[in-house]
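What follows is a single structure, written as structure tokens, with notes after it.
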Amino acid sequence: MPRPPRIVLPSVPLHVIQRGNNRIPCFAHDNDHLVYLDMLRECAHDGGCALHAYVLMTNHVHLLLSPDDESSVSMMMQRLGQRYVQYFNRRHSRTGTLWEGRFRSSLIQDDRYFLICHRYIELNPVRAQMVEKPADYRWSSYRTNALGNDNPLLTPHALYASLGANPPACQAAYRGLFDEVLSEDVLNEIRHAGNGNRRLGADPGPRSDPGASRHGDISKNRALTPV
């Protein structure tokens, strides 16, 4: 059965996942991570995508971003994928594809899920038992969003900014959200939406989560555009 068409709305956050082909490693050395992040910064800027959170795992990548228009994400990911594969193959004396087909994504239709997905992404290394705490992992956005480290890659989303009156207050409130464990039901819901290009928040979800906002439906009154 074919996957549902990807849905993109201008300014509405997307959770983007790109995996290595056959789960092969996409990052072999620290320099690979640095090159990818540098390319990501350039391609996000050129493609019109505001990046809010990310994590680079050994064989896949998670991004949380808001596109300027319907074509922004595809433009960014295509350019980024091509440039990084060329670098990686040259650097590691290999040929052929690196990525597992097209990237997958889920539209975060309901803003209750935005900060939940934020944490889901930055907690990936902890769930994978690579580190004990998200702050211990170098290749994610946690140290910026929670600790205030400078990172030109990131643009705070309005829902993150609403956590406090100033950046230190936002960071402190955001750190506090990690005291609440994401339930297995929530984890499965995020995975199901991301793997199937489905909308996250299309159905009733975790309304009591302390990291969820009361603002409602991010995409309310906007036409859904499959790409």
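The values are calculated or read from the model by the stated rules, or taken from the named source; none is laboratory data. Being a predicted model, the structure only gives us computed values, none of them experimental. A quick note on method: Cβ atoms are made from the backbone with ideal geometry, for glycine too, and the neighbour counts reach across all protein chains shown.
Would you check if there is a residue in the range 27-34 being surrounded by 22 or more Cβ atoms within 10 Å (Cβ to Cβ), touching a strand residue (DSSP E or B) at 6+ places or on another chain (Cβ under 8 Å) and not charged (D, E, K, R)? No, there is no match, as no residue in the range 27-34 is surrounded by 22 or more Cβ atoms within 10 Å (Cβ to Cβ), touching a strand residue (DSSP E or B) at 6+ places or on another chain (Cβ under 8 Å) and not charged (D, E, K, R). Can you find even one residue in the range 15-27 that is within 19 Å of residue 159 (Cβ to Cβ), of a type in the set (S, T, N, Q) and under 11 Å from the mean Cα position of the chain (by Cα)? Scanning the range 15-27, I find no residue that is within 19 Å of residue 159 (Cβ to Cβ), of a type in the set (S, T, N, Q) and under 11 Å from the mean Cα position of the chain (by Cα), so the answer is no.
Scanning the range 145-192 for residues that are closer than 24 Å to residue 43 by Cβ and hydroxyl-bearing (Ser, Thr, Tyr) gives 155, 160. Figure legend. Inter-residue proximity from the range 81-99: first residues at negative phi, second residues charged (D, E, K, R), beta-carbon distance below 9 Å, spacing 6+ or different chains. Indicated pairs: 83/42; 84/32; 87/32; 88/32; 88/94; 91/32; 92/32; 99/19. Evaluating residue 69 against the criteria (1) modelled with pLDDT under 95; (2) part of a strand (DSSP E or B) leaves one unmet condition, (2). Taking the criterion of being part of a helix (DSSP H, G or I) and either on the phi > 0 side of the Ramachandran plot or modelled with pLDDT under 95 (or both), the residues of the range 4-45 that qualify are 21, 22, 23.
Do we have residue 108 as of a type in the set (Val, Ile, Thr), in contact with a Phe, Trp or Tyr (Cβ under 9 Å, 6 or more places away or on another chain) and closer than 25 Å to residue 29 by Cα here? Against the criterion (of a type in the set (Val, Ile, Thr), in contact with a Phe, Trp or Tyr (Cβ under 9 Å, 6 or more places away or on another chain) and closer than 25 Å to residue 29 by Cα), residue 108 does not qualify. When the range 70-88 is limited to residues that are over 19 Å from residue 58 (Cβ atoms) and hydroxyl-bearing (Ser, Thr, Tyr), the one that is surrounded by the most Cβ atoms within 10 Å (Cβ to Cβ) turns out to be 72.
Within the range 174-224, the set of residues being modelled with pLDDT of 50 or more, hydroxyl-bearing (Ser, Thr, Tyr) and touching a Leu at 6+ places or on another chain (Cβ under 9 Å) comprises just one member, 174.
Of note, residue 116 does not satisfy the criterion of being of a type in the set (A, V, I, L, M) and touching a strand residue (DSSP E or B) at 6+ places or on another chain (Cβ under 6 Å). Identification of helices (runs of 4 or more DSSP H) wholly contained in the range 95-169 with 3 or more residues that are touching a Leu at 6+ places or on another chain (Cβ under 8 Å) yields 114-122. Counting residues in the range 111-125 that are in contact (Cβ under 8 Å) with a residue 40 or more places away in the chain and among the β-branched types (Val, Ile, Thr) gives one or more. Can you pull out the residues in the range 145-162 that are crowded, with 20+ Cβ neighbours inside 10 Å and either free of Cβ contacts under 8 Å to residues at least 40 places away in the same chain or among the polar types (S, T, N, Q) (or both)? Within the range 145-162, 145, 146 meet the criteria. Scanning the range 132-152 for residues that are in contact with a Phe, Trp or Tyr (Cβ under 7 Å, 6 or more places away or on another chain) and either hydroxyl-bearing (Ser, Thr, Tyr) or more than 23 Å from residue 38 (Cβ to Cβ) (or both) turns up 140, 141.
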